[in-house]
Amino acid sequence: QVQPVESGGGLVQAGGSLSLSCAANGQSFRSYTVSWFRQTPGKERDFVAGIRSSGSGGRIYYADSVKGRFTISRDNAKNTVSLQMNSLKPEDTAVYYCAAGSGVILSSLRTVAAYNYWGQGTQVTVPS
């Protein structure tokens with residue numbers, strides 16, 4: 001059992017950068033697939049980026065909308081997963097959630113239903 005806790009949200013001007021952090025309370029993230037999702041009011045919660053456990057190869061996946069701008073990474077010493085966001089756009093404005101899942105199959109890695117544990121979310125705002 002693991003409880004994700006997000007931090008690092010805030011207001012950033014378009015073109016700027018921001019780094020989010022997801023810390024694990026309880027078990028280590030090492031054996032979990034960990035992903036970031038985002039959601040705006042009235043919209044579905046959408047996949048942003050994910051990273052598989054080191055034991056399963058640690059492969060990384062991104063939504064097309066953030067490829068080349070966002071980077072997901074693990075810091076096993078700190079038991080955290082980070083999301084570095086560069087070249088931010090107004091359409092990146094959302095509540096960002098960290099999620100962890102055990103036994104996640106590749107075909108469902110980008111879906112909300114695949115994850116066992118969710119953080120409370122952190123707000124990212126990019127004014128137009």
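The values are calculated or read from the model by the stated rules, or taken from the named source; none is laboratory data. Treat the numbers as computed from the prediction; the structure is a model and nothing was measured. Cβ: placed from backbone, ideal geometry, glycine included. Neighbour counts: every protein chain shown. In case anyone asks, the SASA skips ligands and DNA or RNA and just uses the protein heavy atoms, side chains included. Shrake-Rupley method; radii C 1.70, N 1.55, O 1.52, S 1.80 Å.
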For segment 3-30, how many residues meet the condition of being surrounded by fewer than 17 Cβ atoms within 10 Å (Cβ to Cβ), of a type in the set (A, V, I, L, M, F, W, C) and more than 15 Å from the chain's Cα centre (by Cα)?
-> 2
Single unsatisfied condition, N76 versus (1) under 19 Å from S7 (Cβ atoms); (2) in contact with a strand residue (DSSP E or B) (Cβ under 8 Å, 6 or more places away or on another chain); (3) at pLDDT below 95 = (2)
The number of residues in segment 64-90 that are of a type in the set (D, E, K, R), more than 12 Å from S21 (Cα to Cα) and touching a residue at least 12 places away in the same chain (Cβ under 8 Å) is 2
Evaluation of V124 against (1) among the β-branched types (V, I, T); (2) modelled with pLDDT of 95 or more; (3) assigned to a loop (DSSP other than H, G, I, E, B) (one fails), failing number = (3)
Please enumerate the residues belonging to segment 9-22 that are closer than 15 Å to N86 by Cβ and in contact with a Cys (Cβ under 9 Å, 6 or more places away or on another chain).
-> L20
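Yes or no, residue by residue, for (1) among the aromatic types (F, W, Y); (2) over 25 Å from D64 (Cα atoms); (3) part of a strand (DSSP E or B):
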site: Q3; (1), (2), (3): no, yes, yes
site: E6; (1), (2), (3): no, no, yes
site: Q13; (1), (2), (3): no, no, no
site: G16; (1), (2), (3): no, no, no
site: S21; (1), (2), (3): no, no, yes
site: R30; (1), (2), (3): no, yes, no
site: W36; (1), (2), (3): yes, no, yes
site: G42; (1), (2), (3): no, no, no
Residue that is over 25 Å from P127 (Cβ atoms) and open to solvent by 50 Å² or more (accessible area, probe 1.4 Å), where the choices are T33, T71, T80, T111 = T111
